[in-house]
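Engineer: Structure incoming, see below.
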Amino acid sequence: MGYRTYLNLKIPGEPQTIGTFKNMPTEIILIDNYCIGKIYFNELPEELEKVIEDYETMYPLFIREYTDDGEILVGLLLNIFERIQQEQKDKTKNEIAELPDWFTTGINPIVRILKQALEENLIQTDDWVQFECY
């Protein structure tokens, strides 16, 4: 399978109300190791670099130098994904497969999750999505 990028997003949940772990905090996992493929945020094509440059707030943050792991703002991630969707629009699966790597990734399920979570005020555009490569 090889080295790939995976996205994770957890939000705080309500504390436990019964049992041994009563009043302990919980987390809700919205995105759990969602693979976006053999693509990396430090190797964006020019078209997606432009999306990042146009974004008002922050670039992806890498955890430490010489790593592909880090975090990216929900709003910026959605902007990148919307640009990918534009590129894929009205193309057949074969035409999409011929696009550069970043533009072949299947992102529709994760876009649905993020947009629904935004609509329900579970997350904000300035929340962070973690990404990890392995």
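The values are calculated or read from the model by the stated rules, or taken from the named source; none is laboratory data. Quick caveat, the model's predicted, so the values are computed rather than measured. Here Cβ is always computed from backbone atoms with ideal geometry, including for glycine, and neighbour counts include all displayed protein chains.
Engineer: As an exercise: evaluate D90 against (1) out of contact with any strand residue (DSSP E or B) (no Cβ under 6 Å at 6 or more places or on another chain); (2) in contact (Cβ under 8 Å) with a residue 24 or more places away in the chain and give the number of the one condition it does not meet.
Structural biologist: Here D90 clears every test but (2).
Engineer: Return the total of residues in the stretch 106-125 being outside any helix (DSSP H, G or I) and modelled with pLDDT of 90 or more.
Structural biologist: 7
Engineer: What is the residue count in the stretch 58-87 for residues that are assigned to a helix (DSSP H, G or I) and of a type in the set (D, E)?
Structural biologist: Within the stretch 58-87, residues that are assigned to a helix (DSSP H, G or I) and of a type in the set (D, E) number 2.
Engineer: To continue, here is another question. Of the residues F131, F103, only one is assigned to a helix (DSSP H, G or I), under 19 Å from T5 (Cβ atoms) and either of a type in the set (A, V, I, L, M, F, W, C) or free of Cβ contacts under 8 Å to residues at least 12 places away in the same chain (or both); which?
Structural biologist: F103
Engineer: Tell me, which residue of the stretch 77-87 that is of a type in the set (A, V, I, L, M, F, W, C) and without any contact (Cβ under 8 Å) to a residue 40 or more places away in the chain is surrounded by the fewest Cβ atoms within 10 Å (Cβ to Cβ)?
Structural biologist: The residue in question is F81.
Engineer: If D90 passes every condition in (1) of a type in the set (D, E); (2) assigned to a helix (DSSP H, G or I); (3) farther than 24 Å from N33 by Cα but one, which one does it miss?
Structural biologist: (2)
Engineer: Would you mind finding the one in I63, I123, I29, I96 that is touching a Gly at 6+ places or on another chain (Cβ under 6 Å), hydrophobic (A, V, I, L, M, F, W, C) and either surrounded by fewer than 17 Cβ atoms within 10 Å (Cβ to Cβ) or farther than 20 Å from R4 by Cα (or both)?
Structural biologist: Answer to the selection: I63.
Engineer: To continue, here is another question. From the list Y55, Y40, Y34, Y59, which residue is at pLDDT 90 or above, in contact with a helix residue (DSSP H, G or I) (Cβ under 7 Å, 6 or more places away or on another chain) and hydroxyl-bearing (S, T, Y)?
Structural biologist: Y34
Engineer: Can you tell me how many residues in the stretch 99-120 are surrounded by 15 or more Cβ atoms within 10 Å (Cβ to Cβ) and either of a type outside the set (A, V, I, L, M, F, W, C) or under 19 Å from E49 (Cα atoms) (or both)?
Structural biologist: 6
Engineer: Among the candidates K10, K50, single out the residue that is exposed (fewer than 15 other Cβ atoms within 10 Å of the Cβ), basic (K, R) and in a strand (DSSP E or B).
Structural biologist: So the residue among K10, K50 that is exposed (fewer than 15 other Cβ atoms within 10 Å of the Cβ), basic (K, R) and in a strand (DSSP E or B) is K10.
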